[in-house]
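In what follows, a structure is listed as structure tokens, so that the remarks can point back to it.
The values are calculated or read from the model by the stated rules, or taken from the named source; none is laboratory data. In this text the structure is predicted, and so the values were computed from the model without any measurement. Positions of Cβ are backbone-derived with ideal geometry, glycine not excepted, and every protein chain shown enters the neighbour counts.
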Amino acid sequence: MSLKRLWLIGCGNMGGAMLRRWIDTGHITANQVDVINRSDRVLPEGVRQARNLPDGPLPDMIMLGMKPQQLDEIARHHALRISGVPLLVSILAGVEESTLASRFDAGAIVRAMPNMPVAIGKGVVGLHSDSAADAVRSDVAALMTPLGLVEWVSDAGLFNAVTALAGSGPGFLYRFIEALAEGGAALGLPADQAQRLAVATVEGAGLMAAAANEEPAELADRVASKGGSTREGLNVLDADDALKRLVAATLSAAERRNAEMAAAAR
Ligand SMILES: NC(=O)C1=CN([C@@H]2O[C@H](COP(=O)(O)OP(=O)(O)OC[C@H]3O[C@@H](n4cnc5c(N)ncnc54)[C@H](O)[C@@H]3O)[C@@H](O)[C@H]2O)C=CC1
Ligand SMILES: O=C(O)[C@@H]1CCC=N1
């Protein structure tokens, strides 16, 4: 790994999950990293955390992990100091590469869109860059590999869709788990038991879908015995494409918000 020194500007829920996984898997050691946060966050043991960037030479990579709305504040405080950094990675939703390039002077800029399950190595990391050479792209992909599925997205115009599906996706699925559990409780199951059943069912179904050669639609058909009860339930989800339309509207709303954040940051 040629990315030996990392500065993380803004390292909260998401940046912290990535960092924890890198350290847990031995891809990065704590003393390779400096974190700048507005106030201290719980971070893996041994990671330096401060309010200001460290003195000394620039690192191999800087990752921006604050909110998109904090871009100007961060640029105002740090753009001069980090000018010339070889690689800038941004996990900011919406914020475009050209916007980042207008604020920061970096050898290459890569947008990364992780999701929360990176914490256990089962996440997704979407990557896009117009500026990174092949060697840099390989370095970034190697860094992200212990986090889960790594996918390059060649069309920058699709990055907001990736963000809506995979970045926000865990949030949508947690809602589905909650709904499954509440549905079970409404049928009379104790709430805690319904939640255990819902979580384990989603975990098992997800693992099976990941391992299967069949499409999810075919897996659904296998659960639904002819004339049985699953079909009755699927008929409710499928009536007027109710679930598909709800999910499509959900992703559209999230994608639209990413575009709004991109426009606000330009
Ligand atoms: N939470 C998620 O599931 C995902 C989040 N993202 C992106 O990750 C970024 C961070 O999101 P979260 O981790 O959820 O937010 P968070 O609020 O947990 O973390 C943001 C961090 O930035 C730091 N920060 C804020 N202003 C600062 C400043 N002026 N100087 C230094 N540090 C500063 C805060 O101290 C905090 O630790 C966002 O841009 C979001 O779009 C991307 C994918 C998934
Ligand atoms: O909600 C957000 O804006 C970010 C983007 C993907 C997940 N969290």
Item to complete: Write out, first by first residue and then by second, each pair whose Cβ atoms fall under 7 Å of each other, whose residues are 6+ apart or on separate chains, and whose first residue, in region 220-236, is of a type outside the set (K, R) while the second is in a loop (DSSP other than H, G, I, E, B).
Response: T230/A224; L234/A224
Worksheet entry | Matching entry among G183, G126, G94, G188 (being outside any helix (DSSP H, G or I), more than 27 Å from L43 (Cβ to Cβ) and modelled with pLDDT of 95 or more) | G188
Discussion item. Looking at the structure I just gave you, is G84 under 20 Å from W152 (Cα atoms) and in contact (Cβ under 8 Å) with a residue 12 or more places away in the chain?
Written reply: no
Item to complete: Please work out which one of (1) away from ligand 1 (no atom under 15 Å from the Cβ); (2) more than 20 Å from the chain's Cα centre (by Cα) is the condition Q49 fails and give its number.
Response: (1)
Discussion item. If I go through region 143-182 residue by residue, how many of them are within 14 Å of ligand 1 (Cβ to nearest atom), surrounded by fewer than 17 Cβ atoms within 10 Å (Cβ to Cβ) and of a type in the set (G, A, S)?
Written reply: 1
Discussion item. For region 3-13, which positions are assigned to a strand (DSSP E or B) and either at positive phi or more than 14 Å from ligand 1 (Cβ to nearest atom) (or both)?
Written reply: L6
Discussion item. On the basis of being at pLDDT 95 or above and of a type in the set (A, V, I, L, M, F, W, C), does L58 make the cut?
Written reply: yes
Worksheet, complete the sentence: Of the listed residues (V95, V89), the one being within 9 Å of ligand 1 (Cβ to nearest atom), within 21 Å of V140 (Cα to Cα), in the same structural domain as A135 (by TED's automatic domain parsing) and surrounded by 14 or more Cβ atoms within 10 Å (Cβ to Cβ) is V95
Item to complete: Kindly indicate which of A101, A79, A133, A75 is without any contact (Cβ under 8 Å) to a residue 40 or more places away in the chain, touching a helix residue (DSSP H, G or I) at 6+ places or on another chain (Cβ under 7 Å) and surrounded by fewer than 16 Cβ atoms within 10 Å (Cβ to Cβ).
Response: A79
Item to complete: Would you confirm whether any residue within region 16-38 is of a type in the set (G, A, S), modelled with pLDDT of 95 or more and within 16 Å of ligand 2 (Cβ to nearest atom)?
Response: yes
Worksheet entry | Test: residue in region 77-85 that is within 9 Å of ligand 1 (Cβ to nearest atom), more than 24 Å from S129 (Cβ to Cβ), at pLDDT 95 or above and not in a loop (DSSP other than H, G, I, E, B) | yes
Item to complete: For region 107-122, enumerate the residues that are at negative phi and touching a residue at least 60 places away in the same chain (Cβ under 8 Å).
Response: P114, M116, V118, A119, I120
Worksheet item: How many residues are surrounded by 12 or more Cβ atoms within 10 Å (Cβ to Cβ) and either of a type in the set (D, E) or on the phi > 0 side of the Ramachandran plot (or both) when one looks only at region 14-71?
Response: 3
Discussion item. Given the criteria touching a strand residue (DSSP E or B) at 6+ places or on another chain (Cβ under 7 Å), assigned by TED's automatic domain parsing to the domain that holds L147 and closer than 25 Å to A135 by Cα, does M61 qualify?
Written reply: yes
Worksheet item: Considering region 201-215 alone, what residues qualify as being surrounded by 11 or more Cβ atoms within 10 Å (Cβ to Cβ) and either basic (K, R) or assigned to a helix (DSSP H, G or I) (or both)?
Response: T201, V202, E203, A205, G206, L207, M208, A209
